[in-house]
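Participant: Okay, handing you the structure first.
Read-outs: derived from the displayed coordinates by stated rules, not from any lab. Since the model is a prediction, treat every value here as computed from it, not as a measurement. Because the Cβ atoms are built from the backbone with ideal geometry, glycine has one as well, and the counts that use them run over all protein chains shown.
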C-alpha cells in the first residue's frame with residue numbers, strides 16, 4: 001500500500017523538499033498513522049544501505065587531479081542531497097577530502113541554500129562561483145545565486161572531467177561566462193528530458209522504482225554479494 005508515500009509526496013509537491021527531514025516532519029504530524037511510520041523506516045533503511053553500495057564505487061579517474069588543480073586557486077565545497085554522514089565517509093574513504101574546505105549534505109539544507117550562505121560569508125562575486133554538477137537541479141541551484149555552471153554530462157562524465165582543467169582556466173581568467181558556458185549548458189540540456197519523469201502524466205513512483213530493480217541487483221552482486229536487497 002503506497003497511500004502514505006503518495007500523500008507525503010503530494011504534501012511537499014510545491015516546495016519539492018522531499019528528504020529524510022521532511023519525512024520525519026510528516027511523521028511527527030501524523031503520529032498515529034502506521035503507514036507513515038513504515039515510510040519513515042523505509043527512508044532510514046535506504047540511507048543506511050548507502051555505504052554498502054555507493055560507498056564502494058570509486059570516483060571517476062580524472063576527479064583527484066581536477067580537485068588538486070582547482071584547490072590551488074579555489075575554495076572547494078561539496079553540496080549534495082546525500083546525507084552528510086555518508087558524504088563525508090565517501091570522500092574520506094576515497095582520499096578526496098583533502099582538497100575540500102566544506103562538505104554539506106541534505107540534512108544541512110538545499111544546494112541553493114549552501115551556495116547562498118557560502119557566497120555571502122566569503123564575499124564571492126557572481127563570476128567567482130562555479131558549480132560542477134550532473135543534474136538540472138545543480139544548474140538551477142547555482143543560477144539561483146547568479147553563479148557559473150560546469151556540467152558533467154550524464155553518460156559522458158569522464159570526458160567532462162577531462163575537459164574541466166581547460167574550463168577552469170577560463171573561469172579563473174574571468175572568461176567563462178558567455179558563449180563558452182552557454183555552449184556547455186546547451187550540450188548538457190540536450191541530454192536531459194524536457195520534464196523529469198515524476199512530472200509526467202500517469203507517473204507512478206512505485207512502478208518506476210521497480211523498473212530499476214535490476215540495476216540495484218547488479219550493484220549489489222558486484223559490491224556487496226549476498227546482502228539483502230530492500231524492496232518496495
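Participant: What's the FRET efficiency of residue 223 with residue 45 using the Cβ-Cβ distance as r and R₀ = 25 Å, to the nearest 0.05?
Facilitator: 0.90
Participant: Note the per residue figure in Å³ for the convex hull of the C-alpha positions in region 29-73.
Facilitator: 105
Participant: Which angle between 0 and 90 degrees, to the nearest 10, do you get for helix 84-93 versus the longest principal axis of the chain when only C-alpha atoms count?
Facilitator: 60
Participant: Let me ask something else about it. Would you kindly work out the equivalent ellipsoid of the chain from its C-alpha gyration tensor and give its semi-axes, the square roots of five times the eigenvalues, largest first in whole Å?
Facilitator: Semi-axes from the Cα gyration tensor: 33, 21, 19 Å.
Participant: Which residue fluctuates the most in the chain, going by a Gaussian network model with Cα springs under 10 Å, if the choices are 115, 215, 76?
Facilitator: Highest fluctuation among the options: 215.
Participant: Decide, for region 107-170, between rounded, prolate and oblate: order the square roots of the alpha carbon gyration tensor eigenvalues as a ≥ b ≥ c, take rounded if a/c falls under 1.5, and otherwise choose prolate if a/b is larger than b/c, else oblate.
Facilitator: Because a/c hits 1.5 or more and a/b fails to exceed b/c, region 107-170 counts as oblate.
Participant: Separate question: Mean-square fluctuation check for the chain, GNM, Cα pairs under 10 Å: which of 176, 90, 124 is largest?
Facilitator: 124
Participant: Relative to the longest principal Cα axis of the chain, at what angle does helix 213-223 sit, 0 to 90 degrees, rounded to 10?
Facilitator: 70
Participant: For region 117-146 and region 161-191, what is the centre-to-centre distance using only Cα atoms, to the nearest Å?
Facilitator: Centre-to-centre (Cα) distance: 14 Å.
Participant: Also, quick follow-up: If each DSSP helix of 4+ residues adds -39,500 (n - 2.57) and the sum is divided by the residues in the chain, what number results at 222 nm, nearest 500 deg cm²/dmol?
Facilitator: The helix-only estimate for the chain comes to -16500 deg cm²/dmol at 222 nm.
Participant: Taking neighbour counts of Cβ atoms within 10 Å as a proxy for exposure, in what order, fewest first, do 19, 13 appear?
Facilitator: 13, 19
Participant: Against the globular-protein guess of 2.2 N^0.38 Å, express the Cα radius of gyration of region 61-195 as a ratio, rounded to two decimals.
Facilitator: 1.01
Participant: Using a/c under 1.5 as the rounded threshold, could you call region 40-137 rounded, prolate or oblate? The axes a ≥ b ≥ c are square roots of the C-alpha gyration tensor eigenvalues, and prolate needs a/b larger than b/c, oblate otherwise.
Facilitator: oblate
Participant: Over the residues of region 159-203, compute the C-alpha Rg and express it relative to 2.2 N^0.38 Å.
Facilitator: 1.60
Participant: Give the dimensionless ratio obtained when the Cα radius of gyration of region 1-40 is divided by 2.2 N^0.38 Å.
Facilitator: Scaled against compact globular proteins, the figure is 1.03.
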